[in-house]
Amino acid sequence: MKNGLVLEGGAMRGLWTAGVTDVMMEHGIWPNGLIGVSAGAAFGCNIKSRQIGRAIRYNIRFAKDARYSGMKSLLTTGDYFNAEFGYHIVPKYYDVYDDEAFNKNPMEFIVVCTDVDTGRPVYQSLTEANYETYEWIRASASMPLVSKVVKLGGRQLLDGGVADSIPLEYFESIGYRHNVVILTQPKGFIKKQNKLLPLMRLALRKHPQFVEALEHRPAMYNNQLAYVEEAERDGRCLVIRPDKKIPIGHISHDPQEMLHVYELGRSVGNRYLESIKKFYANS
């Protein structure tokens, strides 16, 4: 039975997840496969390359750098998080991504995107670190309204969380029957309709299937939470959640806020450490 790790998104809440997964890496806990959505993909790729601390390091370094993110980037490029600088220049020159380690690591790494023409999820397995792989990760994390549609692999793509926010069911369907699931909302959370939906409808009116997926997202997400809880009761997964709402917004330029959220994740990771080891050992 294959051990898996499922990482949902949540924009900057993903730094909390990075805190949890850094603790896992520090203690030599390596799943057979990882599936990440949005921030779960953007930060989770550092597990495949085994680069502990990289996610928090470059986010803090470039928190206030206009080349990395901000309104200037949004107005000049169409992406709040600058596509070229963040996904290609930073990993090549500033906080170098270990392509060789990524390529040698046998762990399967899958990212989830949403096809804007169909509104359906796209699951892409990434085996070799290159320009296209970085683009798949970017597509998974490209939030509506603050990102341009990413054209890749003959598709038009945006945030994977729109179509499949917590891809446990999919991961189980391809053989990962024993999964640690890291969520970025506390127990009891119920997703409600995004207040910006009217603006999204207008901005994405050329993609009606994607708009429909946005409209149905709360129901989809809440159903997935129910599925995760059922799998948890059955012993098929171990769920790690924050104790309460993570104190950070979708976007942050405050290094101290980022570090605080990351340290909260590390604290929970240490608390769950023995449970994770036992859970994977029993597969």
Residue match in the stretch 60-81 (condition: over 22 Å from MET143 (Cβ atoms), modelled with pLDDT of 95 or more and open to solvent by 30 Å² or more (accessible area, probe 1.4 Å)): no
Spans of helices (runs of 4 or more DSSP H) in the stretch 32-105 with at least 3 residues small (Gly, Ala, Ser) and in contact (Cβ under 8 Å) with a residue 60 or more places away in the chain: 39-48
Pairs with Cβ under 9 Å, 6+ apart, first in the stretch 185-209 and farther than 18 Å from SER142 by Cα and at pLDDT 95 or above, second assigned to a loop (DSSP other than H, G, I, E, B) and β-branched (Val, Ile, Thr): GLN185/ILE246; PRO186/ILE246
Within the stretch 191-236, tally of residues that are polar (S, T, N, Q) and buried (at least 17 other Cβ atoms within 10 Å of the Cβ): 1
Scope the stretch 237-255; condition touching a strand residue (DSSP E or B) at 6+ places or on another chain (Cβ under 9 Å) and either surrounded by 18 or more Cβ atoms within 10 Å (Cβ to Cβ) or closer than 17 Å to ASN270 by Cβ (or both); matching residues: CYS237, LEU238, VAL239, ILE240, ARG241
Tally of residues being more than 26 Å from GLU84 (Cα to Cα), open to solvent by 30 Å² or more (accessible area, probe 1.4 Å) and of a type in the set (D, E, K, R) across the stretch 142-190: 3
Residue list for the stretch 106-121, filter: farther than 22 Å from ASN3 by Cα and in a strand (DSSP E or B): CYS113, THR114, ASP115, PRO121
Positions within the stretch 269-282 being surrounded by 14 or more Cβ atoms within 10 Å (Cβ to Cβ) and more than 18 Å from the chain's Cα centre (by Cα), in sequence order: ASN270, TYR272, LEU273, ILE276, LYS277, PHE279, TYR280
Scope the stretch 107-133; condition open to solvent by 60 Å² or more (accessible area, probe 1.4 Å) and either without any contact (Cβ under 8 Å) to a residue 12 or more places away in the chain or among the aromatic types (Phe, Trp, Tyr) (or both); matching residues: TYR123, TYR131
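The values are calculated or read from the model by the stated rules, or taken from the named source; none is laboratory data. These numbers come from a predicted model, not from an experiment. Heads up, the Cβs are rebuilt from the backbone with ideal geometry, glycines too, and the neighbour counts pull from every protein chain shown. For accessibility, only protein heavy atoms count, side chains too; no ligands or nucleic acids. Shrake-Rupley method; radii C 1.70, N 1.55, O 1.52, S 1.80 Å.
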